[in-house]
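The values are calculated or read from the model by the stated rules, or taken from the named source; none is laboratory data. Keep in mind the model is a prediction, meaning the values are calculated, not measured. FYI the Cβ positions are ideal-geometry reconstructions off the backbone, even for glycines, and counts take in every protein chain you see. The area values use the complete protein model at the heavy-atom level, side chains included, leaving out ligands, DNA and RNA. Shrake-Rupley method; radii C 1.70, N 1.55, O 1.52, S 1.80 Å.
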Amino acid sequence: MTDRAAIVTGASSGIGLAVARMLAEHGHAVTLAARRPAKLQAAYDELRADGLEVQQVAANVGDEDDVRRVVAAHRDAYGRLDVLMNNAGVGIGAAIGELNTRRMDIQLATNLRSLPLFYREALGMLTAAGAEHRNALVINTASIAGKHGQAWLSVYSATKAGVVGFTQAMNEELSKLGIKSTALCPGFVDTAMTEFVRGHVAPEAMIQTSDIVASVRMLLSLTPGCLVPEIVFQRPGDAGLEAIG
Ligand SMILES: NC(=O)c1ccc[n+]([C@@H]2O[C@H](COP(=O)([O-])OP(=O)(O)OC[C@H]3O[C@@H](n4cnc5c(N)ncnc54)[C@H](OP(=O)(O)O)[C@@H]3O)[C@@H](O)[C@H]2O)c1
């Protein structure tokens, strides 16, 4: 059995792929989960080509059976779970008067409903890791939109505020078991998700995936007695109110 293992959702690009790479480079066996199989395969091939221990499971995190399948495949392959990163997410902008119910449900299911499902399915492995070293870590990618609701991204903002609240609840419920949860709340990060805004904000003026990776590295280095419930990432000059993402 491996010494350390992780699941990262939304691992086929952007923040998830960068964090999955770092975790694998630091000795974690990593299950990569994301929706589109071809894109996930490319990420898997990239990491395997560098000799990293990863497996891939194509899954829609909004689907309960798929969540079960990801966790079961991870348990079968690696037998333990030290880090769970609930990172898959989608933002679909719309004025409230033009709200499309199906698009609203996709955001609710992907960004929020998936979290309780992953915690529930992974709880046995997280509890075992917490009992072993008091430092099981769950990272939930929220957004600065979860700290300040954004116009035209109201549903996305609500899901991300929900991620922050759910993370707080999980710390109330699980941190005494050595399972620590952190919500990450960034403004614009230079990924595919912010391509639409590049005309207004240059990619180099955005937060970089390396900044998110650095924060996860910091979380991994903390002693069992220290819990960081939330990290807010702002761009200089932007208190968060203008950010989309
Ligand atoms: N970029 C930003 O400015 C920013 C700011 C704050 C928060 N965030 C959050 O950061 C997280 C990662 O986003 P990113 O910026 O790295 O964008 P990204 O490069 O577009 O990555 C999104 C990832 O989530 C996956 N995904 C989307 N829907 C899924 C579903 N239903 N089931 C499984 N996987 C799904 C995508 O896979 P497919 O491509 O196959 O769908 C992809 O791997 C998201 O939760 C996002 O809300 C981003």
Give me the three principal axis extents of region 150-245 from the C-alpha atoms, as integers in angstrom, largest value leading.
46, 28, 23
Quick check on the chain: of the DSSP beta bridges with both residues there, what percent are antiparallel, nearest 5%?
5
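Only Cα pairs under 8 Å and at least 6 apart count here; give the relative contact order of the chain as a rounded whole percent. Write out the running numbers ahead of the final one.
Values: 484 pairs, mean separation 45.8, N = 245.
About 19 percent, as a whole number.
How large, in percent, is the carbon and sulfur part of the accessible surface of region 1-83 at a probe radius of 1.4 Å?
44
Let me know the Kirkwood hydrodynamic radius for the chain, please, with Cα pairs as the basis and the value in Å to one decimal.
For the chain, the Kirkwood estimate is 17.9 Å.
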Given the C-alpha centroids of region 106-120 and region 17-36, what is the distance between them in whole angstrom?
19
Just to check I understand the Karplus step: with θ = phi - 60° and J = 6.51 cos²θ - 1.76 cosθ + 1.60, what whole-Hz values come out for region 155-168, glycine and proline as x?
5, 4, 4, 5, 5, 6, 4, x, 5, 5, x, 5, 4, 4
Only Lys, Arg (+1) and Asp, Glu (-1) charged, at Cβ; the chain dipole about Cα centre in debye
260
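Can you tell me which of 120-128, 180-188 comes out highest on packing, and rank the rest after it, using the mean Cβ neighbours within 10 Å?
On the way: 120-128: 18.1, 180-188: 25.9.
Final packing ranking: 180-188, 120-128.
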The chain: angle of helix 64-78 to the longest principal axis, Cα-based, in degrees nearest 10:
40
Cross-link candidates for LYS160: which aspartates and glutamates have Cα within less than 17 Å, leaving aside residues fewer than 8 places away along the same chain?
ASP105, GLU230, GLU242
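Tally up the carbon and sulfur contribution to the accessible surface of region 101-245 as a whole percent, 1.4 Å probe, everything protein left in place.
Numbers: 3810 of 6540 Å².
Using a 1.4 Å probe with all protein chains present, region 101-245 comes out at 58 percent carbon and sulfur.
For the peptides 159-166, 148-155, 198-205, 87-94, what is the packing order when you average, over each peptide's residues, the other Cβ atoms within 10 Å and list the highest mean first? Could the numbers behind the result be given before it?
Numbers: 159-166: 21.0, 148-155: 17.0, 198-205: 11.9, 87-94: 19.5.
Highest to lowest by the protection proxy: 159-166, 87-94, 148-155, 198-205.
When the helices in the chain are scored as -39500 (n - 2.57) per DSSP H run of 4 or longer and the sum is shared across all residues, what 222 nm value do you end up with, to the nearest 500 deg cm²/dmol?
Values: 7 runs with 101 residues, N = 245.
The helix-only estimate for the chain comes to -13500 deg cm²/dmol at 222 nm.
Add +1 for every Lys or Arg and -1 for every Asp or Glu among the other residues with Cβ under 13 Å from the Cβ of PRO37, and state the total.
Details: positive: ARG35, ARG36, LYS39; negative: ASP45, ASP66.
Once all neighbours under 13 Å are counted, the net charge is +1.
In Å², and per residue, what accessible area does region 1-144 have when probed at 1.4 Å with the other protein chains present? Write down the numbers at each step before the final one.
Values: 6000 Å² over 144 residues.
On a per-residue basis, 42 Å².
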How fast does region 110-150 diffuse by Stokes-Einstein, in µm²/s, taking the Kirkwood radius from C-alpha pairs at 37 °C and 0.692 mPa s?
275
